[in-house]
Each structure stands twice: as structure tokens, then as C-alpha cells.
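**Student:** This structure is in C-alpha cells; I'll ask about it shortly.
The values are calculated or read from the model by the stated rules, or taken from the named source; none is laboratory data. Quick caveat, the model's predicted, so the values are computed rather than measured. Quick reminder, even Gly has a Cβ in these numbers, built from the backbone with ideal geometry, and neighbours come from all protein chains shown.
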Amino acid sequence: MWVNPDDVTNRREFIGQYQDSANWWRWGNDDLDQWEIDVQDAGSRTVQVNPSWDVVNGSWQQIFLSRRSDHKWNFYLNGTLDGSSDDTSGVPDLSAALYIGNSTGENFDGKIANVHIYDRHLESDEVLQNYNALKHRFI
């Protein structure tokens, strides 16, 4: 997914699912201008991960999130692995509606392009290949 945020001073959501107040997941930026993934499963927050990079206001960035079968979340920025975290919980109801730009009430302010959802984990070389294939459109 490519994002170009106009406002990074508040919590914003790129993509996520909202089933109810106890079951949801969201990926966006937190109120400290950093990327964030949150998973709430049966009322307990099971994942809250902040990769080491900041969200850049007014600039296109390719971001990619993948979860491997061993429950490791991998975060990529512009085709490069930049963070990972382990979590053994399930993602709440994958059949629930998917929202782009807002899932739990934190509207994204900016542009989102080229959202791709895969039914398998992508390896690092595949993420980089996707970045290189599309970067001429955004950078």
C-alpha cells in the first residue's frame, strides 16, 4: 500500500476491521507520528507494535505488513524490512468487513493508493520487487 499523509499529529488509520469494541484490528499511525498495528481480540489488546520509523507528512511511502505462519509480523518501508514482532493470537474474524481509511473512528487524512491484500505471506524479495515495480509512479 502506498500512503501520503496530510496529517500525522493525531492517530490515523490506513486499513483495518471493526467487528465490535472487543474485536478489531487497525494499522495506521499513532499520535506520536509512528506507524502502529493494534489487534484487540476478545477484549484484550494482543498486539501493539511500533516499528522504528516515523510517518512522513506530505510524502509518498510504500508500507507493507505481513504475518508469517509462525506468528511474526513483518513491517516494510519502501521495500525494506524495518521491524518485526511476535504474536500468537488470532486476528479477529477475517470475514468481517475491511475498511480503508477508517475502521475504528480515526479517519485517515491524505492519499492511499495501490492497496494489495494477499492470501499468503510475501518474502522480502517479493516485497522489494513490488516496491521497485511501482515506485516510479510515486517518487
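**Student:** Residue check, Asp125 against (1) modelled with pLDDT of 90 or more; (2) more than 11 Å from the chain's Cα centre (by Cα); (3) crowded, with 17+ Cβ neighbours inside 10 Å; (4) not aliphatic (A, V, I, L, M), all met but one. Which one?
**Tutor:** Just one mismatch for Asp125, condition (3).
**Student:** Got a sec? Which strands (runs of 3 or more DSSP E) wholly within the stretch 28-85 have at least 3 residues that are crowded, with 17+ Cβ neighbours inside 10 Å and at pLDDT 75 or above?
**Tutor:** The qualifying strands (runs of 3 or more DSSP E) are 35-41, 61-67, 72-77.
**Student:** Take the stretch 111-130 and flag every residue that is in contact (Cβ under 8 Å) with a residue 60 or more places away in the chain and either polar (S, T, N, Q) or over 13 Å from Leu65 (Cα atoms) (or both). Please lay out each step first, then the result.
**Tutor:** The initial filter retains those residues of the stretch 111-130 that are in contact (Cβ under 8 Å) with a residue 60 or more places away in the chain, namely 111-116, 127, 130.
The answer is Lys111, Ile112, Ala113, Asn114, Asn130.
**Student:** Out of the stretch 103-118, which residues are assigned to a loop (DSSP other than H, G, I, E, B) and at pLDDT 85 or above?
**Tutor:** Asn107, Phe108, Asp109, Asn114, Val115, His116, Ile117, Tyr118
**Student:** Now for a separate question. Check the stretch 7-15 and report whether any residue there is of a type in the set (Lys, Arg), surrounded by 20 or more Cβ atoms within 10 Å (Cβ to Cβ) and either at pLDDT 80 or above or more than 26 Å from Lys135 (Cα to Cα) (or both).
**Tutor:** yes
**Student:** So, one more: Since Asn132 meets every condition but one in (1) loosely packed, with under 14 Cβ neighbours inside 10 Å; (2) in contact with a Gly (Cβ under 8 Å, 6 or more places away or on another chain); (3) part of a loop (DSSP other than H, G, I, E, B); (4) not small (Gly, Ala, Ser), which condition does it not meet?
**Tutor:** Among (1) loosely packed, with under 14 Cβ neighbours inside 10 Å; (2) in contact with a Gly (Cβ under 8 Å, 6 or more places away or on another chain); (3) part of a loop (DSSP other than H, G, I, E, B); (4) not small (Gly, Ala, Ser), Asn132 violates only (3).
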